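Worksheet: the structure to be examined is printed underneath.
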Amino acid sequence: MNRGNRILLSCTYWAFVLYVFVPLFLMILMGFKDSKFIGFPIRSWTLDWYTGVFSDSEILYTFGYSVVIAVLSTLISVIVGVWIAVLLEGRKFWGWTVTFALMILPALVPGIISAIAFRIYARLLGIEPGMGAIVWAHAVHNVPFVVLVVMARLSTLPKSQIEAARDLGADPLIAFMRITLPYLVPAILGASVFCLLLSFDDFVRSFFLGGYEPTLPVLIFAMLRSGMSPEINAIATVALVLTAAVGIWAERFTRRANKENQA
Amino acid sequence: MTYDASVRKDAAGATAPTGARPFWGRLVQWGPYRAFAALATASPRRQFAILATFPILWLLTQHLGPMVQMGRVSLLDAYPVAPGTPQTFTLDNYMRFFGDSIFWMPFFRTLAFATILTFCTLILTYPVAYFLARHVSRRNQMLMLLLLLVPFWVGEIVRTYAIMILLGNTGAVNLVLKWFGLIDRPIPFMYTGFSMGIGIVYLTALYMLLPLYSALEKLPKSYNEAAADLGAGAWTRFRRVTLPLTLEGISSGCTLVFLISTGFYATPVLLGGPSTTVFSETIAGFFHVAGDQWPTGAAFAVIMFVTALLITGVFQAFMKALRKGEKA
């Protein structure tokens, strides 16, 4: 490949990086502006918006509320997802394709349709809008992601290990608990973090299934509708730093675990 | 194999790493567990039934259930059904869609937007994926990919807000244009189809980038070298070798991005204006009110979902035919 092409391509990459980072960078920057008015120029700087966020008990409560929802829904997604993955991976049975299609369905339904389908179904089941409904909707929506990640990992598990365990007298449950599950740990951790982020960041389901208490994205949305303010920047920046940190940590962790397993 | 039962149990204990043995060893020897295990593993069929029951029930009630109930509500003439009256099914909710342009205009606008934006995302991310897969060393590939992943972990609302700040009248784009003396007064980017498009591409780019990247990464470099040896120029190599062999990645990336961009709600509300109302806002409108409008909202959601599935289905079939044609 000639050099001109290469330089052109690397320029598109870095332009894309700019496109992805500049908006977020500007958003963070505006959170330090000493004025109620969002936009350039910035004449003086302040940390007041941040101290405001950390001393506002309502906002802190919303943070906690979102985290609790994320953790609970992730727990459900992971248990169900691992179970479905074990059923689907490496097994042939009548209706496999239909089962797989059903499994992937929640991930393919466009956001708004998924949200109102859950809203309608919650009413049928008698679940009131609120925390329970959000946890349930997030859990169902995130199951396919767990299944896909765990299935990928499961397909690399050497069959001989299970057979060895069975020959040594372990029944299927023991073999699963002692061989399969430990082998799946990196995949489960990776999937969990992914679910946590999906749930913490989710707006549309939380919006339609929420009661009077907003989750963090719903709170930011409500604040935005009544106008931009550096206070929103501060809240959004805290959320951004949290999600990015968790994501990077998980990425590093799963990569290291994968390497160790290959070695 | 003919092991005596007691020998088998011993062996099960012996595989245990130090420290873990007592628990599993004891569990295996524990009467009720042994009875349960004997019962559960009596035949492969029973084992499978125990493994499969819960997932199948979950899939039917939790994955399929909401869609079925949405379809049922969309056919009801009143919801909730008043106690004591029989529920009557009707197609009126679907007919309402065709009756008024404030319903079908947003629908076609959404489809047009989603199609255009999918195409823009493809054009925008293909060179990036190509660069990452073909021109960067293995080690740097992961780092440079991670660099792009980080912003995508940030939520939909936060990123939409970031775009609002970027494109506002006192935002960075207008500031830069003014500096260079290109404009006197700010260009009103916000609350137009343009700002909405920028926002949606910003949210979906990764779903295009990753399938493209993995398709390009799988493509052996030797193919291109062989084509070059045979005298093909850079453009011919791309058109005749790289592009046909990455059609699968293009197809799955486009499908994902199309489906996702039809479903955005918050982004059009925050970045769009009155002239860019999309169908998700129309659907949502029926759910802000108490409940009597739900059947119409559900019907509209079914229309949207079925159309989106049809379009992506036809698109995938087309791409498949194209792939076959290239192979022949």
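The values are calculated or read from the model by the stated rules, or taken from the named source; none is laboratory data. Keep in mind that what you see is a predicted model, and the values were worked out from it rather than measured. As a convention, Cβ positions derive from the backbone with ideal geometry for all residues, glycine included, and neighbour counts pool all protein chains shown. SASA here: full protein model, heavy atoms, side chains in, ligands and nucleic acids out. Shrake-Rupley method; radii C 1.70, N 1.55, O 1.52, S 1.80 Å.
Here are a few things to note about the model shown:
- Theoretical gain in end-to-end length, B:Met105 to B:Tyr223 [0.36 nm per residue, Cα-Cα removed]: 37.8 nm
- Equivalent-ellipsoid semi-axes for the stretch A:46-262 (Cα gyration tensor, √(5λ), whole Å, largest first): 37, 22, 13.
- Length gained when the stretch B:Phe318-B:Leu230 is fully extended (0.36 nm per residue, less Cα-Cα span): 28.7 nm
- Judged by the mean number of other Cβ atoms found within 10 Å, the most tightly packed of the peptides A:220-227, B:240-247, B:148-155, B:31-38 leads the ranking B:148-155, B:240-247, A:220-227, B:31-38.
- Overall dimensions of the stretch B:124-203 by Cα: Rg and Dmax, Å: 16.2, 47
- Between the stretch B:232-285 and the stretch B:156-225, the Cα center-to-center distance that results, in Å: 13 Å
- The 3J(HN,Hα) values that the Karplus relation (6.51, -1.76, 1.60; θ = phi - 60°) gives for the stretch A:215-225 are, in residue order, 7, 4, x, 5, 5, 4, 4, 4, 5, 5, 5 Hz. Gly and Pro appear as x.
- Across B:Asp184, A:Asp167, A:Asp202, A:Asp56, the residue with the most accessible area heads the list, and the full order at a 1.4 Å probe is B:Asp184, A:Asp167, A:Asp56, A:Asp202.
- Centre-to-centre, using Cα atoms only, the stretch A:168-211 and the stretch A:79-118 are separated by 14 Å.
- Summing charges over neighbours of A:Ala245, with a neighbour being any other residue whose Cβ is under 12 Å away from its Cβ, gives 0 when K and R count +1 and D and E count -1.
- Where A:Leu105, B:Leu209 fall by accessible area, highest first, once all protein chains stay in place (1.4 Å): A:Leu105, B:Leu209
- Nearest-20 debye value, the stretch B:60-213 charge dipole, Cβ charges on Lys, Arg, Asp, Glu: 620 debye
- Amide H contacts for A:Lys33 (H built 1.01 Å from N in the peptide plane; partners 5 or more residues away or on another chain; cut-off under 5 Å): A:Thr46.
- Gyration tensor analysis over the Cα atoms of the protein assembly as shown returns equivalent ellipsoid semi-axes of 42, 33, 27 Å (largest first, whole Å).
- FRET efficiency estimate (nearest 0.05) - Cβ-Cβ, A:Leu189 to B:Arg26, R0 30 angstrom: 0.60
- Portion, in percent, of the accessible area of the stretch A:90-238 that falls on carbon or sulfur, probe 1.4 Å: 66 percent
- Extending 7 Å from the Cα toward the beta-carbon at both B:Ala82 and B:Met142 defines two label points whose distance is 6.6 nm.
- With R₀ fixed at 51 Å, the C-beta to C-beta distance from B:Phe48 to A:Ser229 puts the FRET efficiency at about 0.30.
- Given charges at beta-carbon only (K, R positive; D, E negative), |dipole| of the stretch B:41-146 in Debye: 720 debye
- When a 1.4 Å probe is rolled over the protein heavy atoms, the share of accessible surface on the stretch B:95-327 that falls to carbon and sulfur comes to 67 percent.
- Protein heavy-atom accessible surface, 1.4 Å probe, per residue over the stretch A:1-108: 55 Å².
- Computed [θ] at 222 nm, deg cm²/dmol, chain A (DSSP H ≥ 4; -39,500 (n - 2.57); rounded to nearest 500): -26000 deg cm²/dmol
- Heavy-atom accessible surface of the stretch B:191-328, averaged per residue, reaches 43 Å², computed with a 1.4 Å probe.
- Measuring max minus min along each principal axis, the C-alpha atoms of the stretch B:206-314 give extents of 69, 27, 20 Å (largest first).
- Our estimate of slack between A:Arg6 and A:Arg91, defined as 0.36 nm per intervening residue step minus the Cα-Cα distance, is 26.1 nm.
- The stretch B:259-273 - phi-based ³J(HN,Hα) in whole Hz, Karplus 6.51/-1.76/1.60, Gly and Pro as x: 4, 5, 6, 6, x, 5, 10, 5, 4, x, 4, 7, 9, x, x
- Remark: mean inter-chain Cβ contacts per residue of B:164-171 equal 6, using a 10 Å Cβ-Cβ cutoff to other protein chain atoms.
- Förster-model FRET efficiency, 45 Å R0, B:Thr115 and A:Met177, C-beta, rounded to 0.05: 0.35
- The Cα trace of the stretch B:95-327 gives Rg and Dmax of 20.9, 69 Å, the first to one decimal, the second as a whole number.
- The stretch A:1-154 - Kirkwood radius from inverse mean 1/r over Cα pairs (Å): 20.2 Å
- With both labels modelled 7 Å from their Cα along Cα-to-Cβ, the B:Phe98 to B:Leu243 distance reads 4.0 nm.
- Shielding value for A:237-244 is 4, the average number of Cβ atoms from other chains within 10 Å of each residue's Cβ.
- For peptides B:53-59, B:222-228, sequence by mean Cβ density within 10 Å, most packed first: B:53-59, B:222-228
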